[in-house]
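Notes to accompany the following structure.
The values are calculated or read from the model by the stated rules, or taken from the named source; none is laboratory data. Note that the structure is predicted; figures quoted are calculated from it, not measured. Positions of Cβ are generated from backbone atoms using ideal geometry, with glycine treated the same way; all protein chains shown enter the neighbour counts. These accessible areas exclude ligands, DNA and RNA; they are computed on the full protein's heavy atoms, side chains included. Shrake-Rupley method; radii C 1.70, N 1.55, O 1.52, S 1.80 Å.
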Amino acid sequence: MSKTFLDTTPPVLAALNAGSPVVAIETGSFARLPYPQSLQTLRAAEQEIWARNCVPAPLALINGRIKAGLTEKEEEALMQHDVALTRAALPVVTARGRSGALLPSAALAAAAAAGIVPLLLPGFRGEVSDVDALALYGRMAFSFAQTEDVGALLAERSIPALGDNAAVLSDAYLCQKELSSPESVLYAAGKSLTTLCEIACATAVEIKKKTDFQAL
């Protein structure tokens, strides 16, 4: 995805430029909840991330622009409409200047374009398009516990599913990055949204600590 179609909000951009921990959020699963629960749940996730000294970056399409980070007004408008887009739908909807929340496959593409690691994927349910997007974009993704069938799909595509140890997750990611090879997907599962936020933030903070140490 070209950055010609990507906007990053000032808080998220400042954090990325400073090397501060940023956690991207797939918004499609929240948009499919009834309003105002959709908005309340999304903001609860953001608060969990802020509370752990990380910057939340909800991902969405707003008036034909991919957004990494949203204003309060944009979030409220987005969560009032059950419009959730897959990666395949993005080009057409973007060209038409429309808006919509992003489902896992689209969120993976947007996070890759914005250079944000890791990514919360509460809506990941093991659809083939989502699994293929994980393999294609190689992001560090955090989602709920999966079934044996989903585990088989991940294994079939050589997508490693690591545990919830932030030190292990951060080391695996940094090793792949240092090797300058395509990043393996580090797929960690949690039992609740709070747990997902906790693990993702801990991993993001560990990555920053280790990156800062290596730079000394």
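Quick notes on this one:
- Leading residue by the ranking (nearest to residue 122 (Cα to Cα)) among those in the range 146-156 that are open to solvent by less than 70 Å² (accessible area, probe 1.4 Å) and touching a residue at least 12 places away in the same chain (Cβ under 8 Å): 146
- Within the range 170-216, tally of residues that are under 18 Å from residue 51 (Cα atoms) and not in a helix (DSSP H, G or I): 1
- Take the conditions (1) more than 15 Å from the chain's Cα centre (by Cα); (2) more than 19 Å from residue 98 (Cβ to Cβ); (3) of a type outside the set (Lys, Arg); residue 63 misses just one of them, which is (2).
- In the range 38-57, the residue that is surrounded by the fewest Cβ atoms within 10 Å (Cβ to Cβ) out of those that are assigned to a helix (DSSP H, G or I), touching a Leu at 6+ places or on another chain (Cβ under 9 Å) and hydrophobic (A, V, I, L, M, F, W, C) is 44.
- Consider the range 82-96 and keep the residues that are in a loop (DSSP other than H, G, I, E, B) and closer than 25 Å to residue 36 by Cα. The one that is most open to solvent (accessible area, probe 1.4 Å) is 82.
- Qualifying residues in the range 203-216 (those that are hydrophobic (A, V, I, L, M, F, W, C) and crowded, with 19+ Cβ neighbours inside 10 Å) - the one modelled with the lowest pLDDT: 207
- Filter pass, residue 167 being part of a helix (DSSP H, G or I), aliphatic (A, V, I, L, M) and without any contact (Cβ under 8 Å) to a residue 24 or more places away in the chain: no
- Scanning the range 162-202 for residues that are modelled with pLDDT of 90 or more and of a type in the set (Val, Ile, Thr) gives 168, 194, 195, 199.
- Residue in the range 125-145 that is basic (Lys, Arg) and over 26 Å from residue 20 (Cα atoms) present: yes
- In the range 105-118, residue farthest from residue 56 (Cα to Cα) [restricted to those that are of a type outside the set (A, V, I, L, M) and surrounded by 24 or more Cβ atoms within 10 Å (Cβ to Cβ)]: 105
- Residue 121 vs. criteria touching a residue at least 60 places away in the same chain (Cβ under 8 Å) and either surrounded by fewer than 24 Cβ atoms within 10 Å (Cβ to Cβ) or touching an Asp or Glu at 6+ places or on another chain (Cβ under 9 Å) (or both): yes
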